[in-house]
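Participant: Let me give you the structure first, and then I'll get to my questions.
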Amino acid sequence: MKYIFNSLGSNYSLSFVLHALLYFFITPPKEATLQELDQHIQKLYPDFELGPYYFYKGRDALEFVLTAYNLAADEPVLTQAFTCHALEAAIRRAGGVPAYVDIEPRCMNPTLKTLEKAYALNNTARVVIIQHTLGVPAEIKKIRKWCTDHKVLLIEDLAQAVGGVTADGELLGTNADAIIFSFGRDKIIDAYSGGACLFRKKPPGFSNENYHTVTSTTFKRDHLYPLLTYLIRASYPIGVGKVLAYLAKVFHIIQSPIKARFEYTTALPSSLAALAARQFTQLDTQLLHRKTIAQVYFEKLSQYCPVKWEQLELGSNLRFPICVENPDQLLKFLVKKNIYIGDRWYRQPVDSGSLQYFSKYRAGSCPGAEKLAAEIVNLPTHQNITEADAARISAAVIEYLE
């Protein structure tokens, strides 16, 4: 029986793996590679006048944007609960303080209502970040108008949502003052690591002074991750993959993507930029596949899904959400069916995985996010999931729940 994974390099084809290995030995030319990546991003967002700027991590891109907007020391930044700790890390590195916005029941993102409530407690905030969780579009048109009325800058984080659209067909990000991309593991554009940002208008007093570079030899290990995970997945049925995965973690070859290698903004090496560019060429095909798989899940599990199909149809469908009681018990049951999807997003309102980083989030402040974190399970939609796989996963979920 086929072994199914949520992540573990599941976005990588054999061709991608071979290119990553090639770039381990031969570094592609920086200028030509970045120009190619520029073309992909600028084709999507031609109305943004500054950027793209490229970074080793998506959090670096966010820190760069906040610094460019002259974030004051301890200034609140409105950002949703039910998120990754990397966003908080970027805000704090830029000198700000995250002011968490709750989400409503059966919703993945802040709404105008929850945003207004958070702003009432943090009315000196000049920036709001919207992340379109799991690729589900937020009500961005309403939020854009609110930001304009309150003279608040809108940053759209597209790490999980590249290619998603609004109800009137505009690309997510189109309404933002600045856009953040992440090319990290298990994102829509997955180059193992990387990030980028765009500005609609050049911020007053803008400077490149926080745009650091690091020697490319620092990143050599990154190119082994696609090959290693490919071998792990391929050899899991015979037991070798389990051993490889264990050894990779013990020897820190595979580390948490939440862990920061550098505590300052770091430029993207050309080798990872080349991998990101390859992923952009497959974006339309990927989005169509993810929507097809999400539709299979929704047809069978709609009663457990916190999102309406009308929203999913517009989004990137990075993962398919369902809400259940005792999700850990369901995940243990699925392991017996050779379905390994335990890395759910998110297990805490501000999740740092096994690293258990300190967070500014305070228990009880965002009950909607806490409830969702206690119930959510994410089902895979990546390229290695067929419609038959999605039907099999759905049947296993139904078997456990009913």
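The values are calculated or read from the model by the stated rules, or taken from the named source; none is laboratory data. None of these values were measured; they are calculated from a predicted model. We place every Cβ from the backbone using ideal geometry, glycine too, and count neighbours over all the protein chains shown. Please note that ligands, DNA and RNA were not included when accessible areas were found on the heavy atoms of the full protein model with its side chains. Shrake-Rupley method; radii C 1.70, N 1.55, O 1.52, S 1.80 Å.
Participant: Please go through the stretch 102-117 and give me each residue that is surrounded by fewer than 19 Cβ atoms within 10 Å (Cβ to Cβ) and either of a type in the set (Phe, Trp, Tyr) or assigned to a helix (DSSP H, G or I) (or both), ordered by number.
Facilitator: Correct list: Leu112, Lys113, Glu116, Lys117.
Participant: Taking the conditions exactly as written (farther than 16 Å from Gly195 by Cα, at pLDDT 95 or above and among the polar types (S, T, N, Q)), does Thr33 satisfy them or not? Break it down stepwise before answering.
Facilitator: On the way: farther than 16 Å from Gly195 by Cα: no; at pLDDT 95 or above: yes; among the polar types (S, T, N, Q): yes.
It is false that Thr33 is farther than 16 Å from Gly195 by Cα, at pLDDT 95 or above and among the polar types (S, T, N, Q).
Participant: Within the stretch 349-376, work out how many residues are under 13 Å from Gln80 (Cβ atoms) and open to solvent by 50 Å² or more (accessible area, probe 1.4 Å). Explain how you work it out, then say what you get.
Facilitator: Just the residues of the stretch 349-376 that are under 13 Å from Gln80 (Cβ atoms), to begin with: 349-351, 361, 365-366, 368-370, 372-373.
If we keep only those that are open to solvent by 50 Å² or more (accessible area, probe 1.4 Å) too, we end up with 365, 370.
Selection size over the stretch 349-376: 2.
Participant: Looking only at residues in the stretch 277-298 that are aliphatic (A, V, I, L, M), out of contact with any strand residue (DSSP E or B) (no Cβ under 8 Å at 6 or more places or on another chain) and touching a residue at least 40 places away in the same chain (Cβ under 8 Å), which one is nearest to Leu18 (Cα to Cα)? Quick ask: steps written out before the conclusion?
Facilitator: Pass one, the stretch 277-298, residues aliphatic (A, V, I, L, M): 277, 283, 287-288, 293-294, 296.
Add one more test, that the residue is out of contact with any strand residue (DSSP E or B) (no Cβ under 8 Å at 6 or more places or on another chain), and what stays is 277, 283, 287-288, 296.
So of that shortlist, the ones also touching a residue at least 40 places away in the same chain (Cβ under 8 Å) come out as 277, 283, 287, 296.
Values: Ala277: 15, Leu283: 19, Leu287: 23, Val296: 31 Å.
It comes out as Ala277.
Participant: A further question on this structure: Among the residues in the stretch 258-266, are any in a helix (DSSP H, G or I) and either more than 22 Å from Asp38 (Cα to Cα) or in contact (Cβ under 8 Å) with a residue 60 or more places away in the chain (or both)? Please lay out each step first, then the result.
Facilitator: Taking the stretch 258-266 first, the residues in a helix (DSSP H, G or I) are none.
No, the stretch 258-266 has no match at all.
Participant: Quick check on this structure: which one of Ala120, Ala99 is more than 21 Å from Thr265 (Cα to Cα) and part of a strand (DSSP E or B)? Steps first, please.
Facilitator: Details: Ala120 fails: part of a strand (DSSP E or B).
Result of the check over Ala120, Ala99: Ala99.
Participant: Considering the stretch 229-265 alone, what residues qualify as being hydrophobic (A, V, I, L, M, F, W, C), open to solvent by 30 Å² or more (accessible area, probe 1.4 Å) and closer than 23 Å to His382 by Cβ?
Facilitator: Leu231, Ala234, Ile238, Val240, Leu244, Ile253, listed by residue number.
Participant: Arg290: buried (at least 17 other Cβ atoms within 10 Å of the Cβ) and basic (Lys, Arg), yes or no? Can you show your working first?
Facilitator: Working: buried (at least 17 other Cβ atoms within 10 Å of the Cβ): yes; basic (Lys, Arg): yes.
Yes.
Participant: Does Ala159 satisfy being among the small types (Gly, Ala, Ser) and in contact (Cβ under 8 Å) with a residue 60 or more places away in the chain? Can you show your working first?
Facilitator: Working: among the small types (Gly, Ala, Ser): yes; in contact (Cβ under 8 Å) with a residue 60 or more places away in the chain: yes.
Against the criterion (among the small types (Gly, Ala, Ser) and in contact (Cβ under 8 Å) with a residue 60 or more places away in the chain), Ala159 qualifies.
Participant: Quickly run through the stretch 346-377 and pick out the residues that are touching a helix residue (DSSP H, G or I) at 6+ places or on another chain (Cβ under 7 Å) and either within 30 Å of Leu283 (Cβ to Cβ) or in contact (Cβ under 8 Å) with a residue 60 or more places away in the chain (or both). If you could, list the steps in order and put the result at the bottom.
Facilitator: Let us first name the residues in the stretch 346-377 that are touching a helix residue (DSSP H, G or I) at 6+ places or on another chain (Cβ under 7 Å), namely 346-352, 357, 359-360, 375-377.
Across the stretch 346-377, the qualifying residues are Tyr346, Arg347, Pro349, Val350, Asp351, Ser352, Tyr357, Ser359, Lys360, Ile376, Val377.
Participant: What residue, among those in the stretch 51-94 that are in contact with an Asp or Glu (Cβ under 7 Å, 6 or more places away or on another chain) and of a type outside the set (A, V, I, L, M, F, W, C), is most open to solvent (accessible area, probe 1.4 Å)?
Facilitator: Residue satisfying both the conditions and the ranking: Arg93.
Participant: Where residues in the stretch 297-324 are part of a helix (DSSP H, G or I) and open to solvent by less than 20 Å² (accessible area, probe 1.4 Å), which of them is farthest from Gly163 (Cα to Cα)?
Facilitator: At the first step, the residues of the stretch 297-324 found to be part of a helix (DSSP H, G or I) are 297-304, 309-312.
The next check asks that each one be open to solvent by less than 20 Å² (accessible area, probe 1.4 Å); those that pass are 297, 301, 312.
Working: Tyr297: 20, Leu301: 24, Leu312: 12 Å.
Looking at the filtered set, the residue picked out is Leu301.
Participant: Scan the stretch 17-36 and tell me whether some residue there is open to solvent by 10 Å² or more (accessible area, probe 1.4 Å) and in contact with a Lys or Arg (Cβ under 9 Å, 6 or more places away or on another chain).
Facilitator: Yes: the stretch 17-36 contains one or more residues that are open to solvent by 10 Å² or more (accessible area, probe 1.4 Å) and in contact with a Lys or Arg (Cβ under 9 Å, 6 or more places away or on another chain).
Participant: Taking the options Gly135, Gly58, Gly96, name whichever one is within 18 Å of Ile180 (Cβ to Cβ) and free of Cβ contacts under 8 Å to residues at least 40 places away in the same chain. I'd like the intermediate steps shown before the answer.
Facilitator: Values: Gly135 fails: free of Cβ contacts under 8 Å to residues at least 40 places away in the same chain; Gly58 fails: free of Cβ contacts under 8 Å to residues at least 40 places away in the same chain.
None of the others qualify; the one that does is Gly96.
Participant: Now for a different question. Determine which member of the set Leu318, Leu283, Leu301, Leu314 is within 30 Å of Gly364 (Cα to Cα) and in contact with a Gly (Cβ under 8 Å, 6 or more places away or on another chain). Before you say what the answer is, go through the steps one by one.
Facilitator: On the way: Leu283 fails: within 30 Å of Gly364 (Cα to Cα); Leu301 fails: in contact with a Gly (Cβ under 8 Å, 6 or more places away or on another chain); Leu314 fails: within 30 Å of Gly364 (Cα to Cα).
Within the list Leu318, Leu283, Leu301, Leu314, the selection yields Leu318.
Participant: Tell me which residues, restricted to the stretch 75-107, are under 13 Å from Lys371 (Cα atoms) and of a type outside the set (Val, Ile, Thr).
Facilitator: Residues satisfying the conditions are Ala81, Phe82, Asp102, Glu104, Pro105, Arg106, Cys107.
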